[in-house]
Structures are given as C-alpha cells and as structure tokens.
Amino acid sequence: MTRSHDAPTPGGGEFTGPLRGTGLPLEKSILAALDDVERALQLEPVGDGTFRAASEPDRFGHIFGGQLLGQAVLAASRTVEGQQPNSLHAYFVRSGQTEVPVDIVVERTRDGRSLSTRHVEVRQDGAAVLTAVASFHTNPEAPQTPAVRPAGPPPEELPLLQHWAQQAPPELQTFAQTWIDVPPPLELRMAEAPTFLGGAQAAGTRGHWMRLPRDIGDNPALHHALLTYASDYLFVDMAFRVHPDAVNYATAAGLSLDHAIWLHRPAQFDQWHLYVQEAVTIFGHRALVRGTIVDTAGAVVASTAQEVLIRPLRP
C-alpha cells in the first residue's frame, strides 16, 4: 500500500488557503479549464435532435466521461420544454478522442404532461462512445425532507486537491504535476489524498467539497450539466481506496463502466457542494460505488452510482 496523507502539511502555499478571487496562478488555470468545458457544452444544432460539440483539452488520454455525461444531459434538455432533468442513466461504450468532434443524437422516447424520456447517444466518427436514457419531470417544491448540515470543517479550511498533488511521493510526482498544470475546472478540497496521489487504502466513506471557480449565471440547464460533469470525478479512485487487495495504479487499471445520477433539487453549482462517496461492494474485477451530493445547508441535491472495473495489469 502507499503511504497516507491524512492531514495538511505546512508550506502548501496557494494550495491550502482561499482561492477564489485571489488571482493566484492555480485560480487562473482552473478558470481557464472552466472556459474550456463551457465551450464543450456549446452544442451546435446540426439536425432534428442532433448536436455537434468539441471536447475540453486532453487530461486523461481520452475524453473525460464527465464531459460526455454533461453533454448528454444538456442535449436532452434542449428537446424538452417546461420540465427539468431528474435522472440520467449512461453506459460508457468506448473511449473517445479529444481532438475529434462528437455528435449527440437525442431520440424523443416519450413526452408526458409531467414526465418525459429521452434516449441519448454520443457518437464519434459514427460509433457510439456513450449511450444514455434521460428523464425529465415537472416537480413541485413540497413536500421535502429536512436538510441536515454537514459536519466537519468548512471547505476552505481543507486543502485543495493540488496540495495533495504537491505532496505526492517522488514516484508519482510527474503524474501528480498534471493535476496542477492542467487542473479540473473545479475547486476541489478534501481532507486526505486520493490513492492516485499517494493516499492510503482505507475502509469507509470519503467526501470532498467542490464548486465552480466563478459565477455561471442562473441557467438551470448549465448548472445541471456541470454538476453532472463533476459527479464523475474520483469514483474510480474510491474503488481503489477500499479494494481488499493491496492495489495501486502501477499494478491495476481502473475504468468506469456506467454512471447514474438522480437530480433531486435545483443545483447552484457555483456554490459549495459536499460529495460523499462509498463503495457498496467489490466482487471479482467489478466494484459498485455510490455517492450523495449535498449543499452547504445539507439538502440532498443529487445521488449517484457507478460500476467500476479494476483489472490487474498484465506483467
């Protein structure tokens, strides 16, 4: 197992204190990354129910699954009036290439007075890279369960993800630096390092705070798409964290097989949200991980689930 980072260490610099509005290099990089994702969410209509879009710059050697999820829910939303998305159930079919445009094809499966359904396929060079079903609902605001405010320190007292990248062990430094040089379009804060940055394997849940680095206006569809995008982060790593064997990214490969998100409430994703993830079970090469996203008041905004494949690397 790799060593644990369970508390901040001195000397984190811009990676441990406030970030938004500071003008620090990391903030500028995250803002630029958000600009890239917003461009990927600028869907160009090219036919009835068909849209074309670019991808954000390469960060993983292939299109990030969260981008495909965000594009799918946004494209489906463009074909529905008077209803908000309440769920997306998607399968990752094959890896996509960031330099090739994607086409998002939406099929109107059902239109009802309060519920509508869409089938969505994201294609590249005519081949599906993601297939999904999206549901929409005209939902009243009551009744609702009471909010329970999250326990623990406020998010800005926790280290940024880039702090853990800076503190990664020497053998991971080259990989870790990419999370600083090419950061996600989010401010991510967590109390421990993910395993891909040297964190230890451990049982139990793990949470991280996340928000967009700036205001994005009041378009509900954009907030839903970006929350869906962000919901794909750290699921695979969670399966590595709780794995019963002593696995790491040098001995095993991990990838997402599918992704589900239920959107319970309107999202204001330029504000803080706590994302708590837990592994339900691991059997053979497959793991099921689920998550709950709450706002600062403790209202449950979304629930997620993902099946993850962890397969030993061939010698």
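The values are calculated or read from the model by the stated rules, or taken from the named source; none is laboratory data. Since this is a predicted model, take the numbers as computed values, not measurements. Cβ atoms come from the backbone with ideal geometry, glycine included; neighbour counts cover every protein chain shown. What goes into the accessible areas is simple: the full protein's heavy atoms, side chains included, and nothing from ligands, DNA or RNA. Shrake-Rupley method; radii C 1.70, N 1.55, O 1.52, S 1.80 Å.
Values computed for the structure shown
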{"item": "Filter result (in a strand (DSSP E or B) and open to solvent by 60 Å² or more (accessible area, probe 1.4 Å)) within region 104-118", "result": "E107, R108, T109, R110, D111, L115"}
{"item": "Test: A305 is among the hydrophobic types (A, V, I, L, M, F, W, C), without any contact (Cβ under 8 Å) to a residue 60 or more places away in the chain and part of a strand (DSSP E or B)", "result": "yes"}
{"item": "Single residue of G152, G204, G199 found to be surrounded by 20 or more Cβ atoms within 10 Å (Cβ to Cβ), more than 19 Å from the chain's Cα centre (by Cα), not in a helix (DSSP H, G or I) and not basic (K, R)", "result": "G199"}
{"item": "First in region 200-224 and free of Cβ contacts under 8 Å to residues at least 40 places away in the same chain, second anywhere and of a type in the set (A, V, I, L, M, F, W, C) and assigned to a helix (DSSP H, G or I), Cβ under 9 Å, 6 or more apart", "result": "A203/V242"}
{"item": "Matching option when the condition is among the aromatic types (F, W, Y) and either farther than 30 Å from V242 by Cα or modelled with pLDDT under 95 (or both), among F92, F15", "result": "F15"}
{"item": "Breaking point among (1) in contact with a Pro (Cβ under 6 Å, 6 or more places away or on another chain); (2) within 16 Å of I310 (Cα to Cα), for W209", "result": "(2)"}
{"item": "Number of positions in region 265-315 that are of a type in the set (D, E), open to solvent by 30 Å² or more (accessible area, probe 1.4 Å) and within 23 Å of E141 (Cβ to Cβ)", "result": "1"}
{"item": "Selection status of A134, in contact with a helix residue (DSSP H, G or I) (Cβ under 8 Å, 6 or more places away or on another chain), surrounded by 14 or more Cβ atoms within 10 Å (Cβ to Cβ) and more than 30 Å from G17 (Cα to Cα)", "result": "yes"}
{"item": "Selection count, region 159-196, where residues are without any contact (Cβ under 8 Å) to a residue 60 or more places away in the chain and in a loop (DSSP other than H, G, I, E, B)", "result": "3"}
{"item": "Residue, surrounded by the most Cβ atoms within 10 Å (Cβ to Cβ), within region 38-86, restricted to residues that are of a type in the set (D, E, K, R) and over 16 Å from Q124 (Cα atoms)", "result": "R59"}
{"item": "Qualifying residue in region 225-238 (condition: in contact with a Gly (Cβ under 8 Å, 6 or more places away or on another chain) and either in a strand (DSSP E or B) or more than 26 Å from L130 (Cβ to Cβ) (or both))", "result": "no"}
{"item": "Every pair of residues 6+ apart whose Cβ atoms lie under 9 Å, when the first sits in region 266-280 and is acidic (D, E) while the second is assigned to a loop (DSSP other than H, G, I, E, B) and modelled with pLDDT of 95 or more", "result": "D270/L212; D270/P213; D270/R214; D270/D215; D270/I216; D270/G217; E278/G204; E278/T205"}
{"item": "Within region 23-56, tally of residues that are touching a residue at least 24 places away in the same chain (Cβ under 8 Å) and in contact with a helix residue (DSSP H, G or I) (Cβ under 6 Å, 6 or more places away or on another chain)", "result": "9"}
{"item": "Selection count where residues are more than 23 Å from A72 (Cα to Cα) and either surrounded by 18 or more Cβ atoms within 10 Å (Cβ to Cβ) or in contact with a Lys or Arg (Cβ under 7 Å, 6 or more places away or on another chain) (or both), scope region 225-247", "result": "8"}
{"item": "The lone exception for D48 - which of (1) touching a Leu at 6+ places or on another chain (Cβ under 9 Å); (2) at pLDDT below 95; (3) farther than 17 Å from V182 by Cβ it fails", "result": "(1)"}
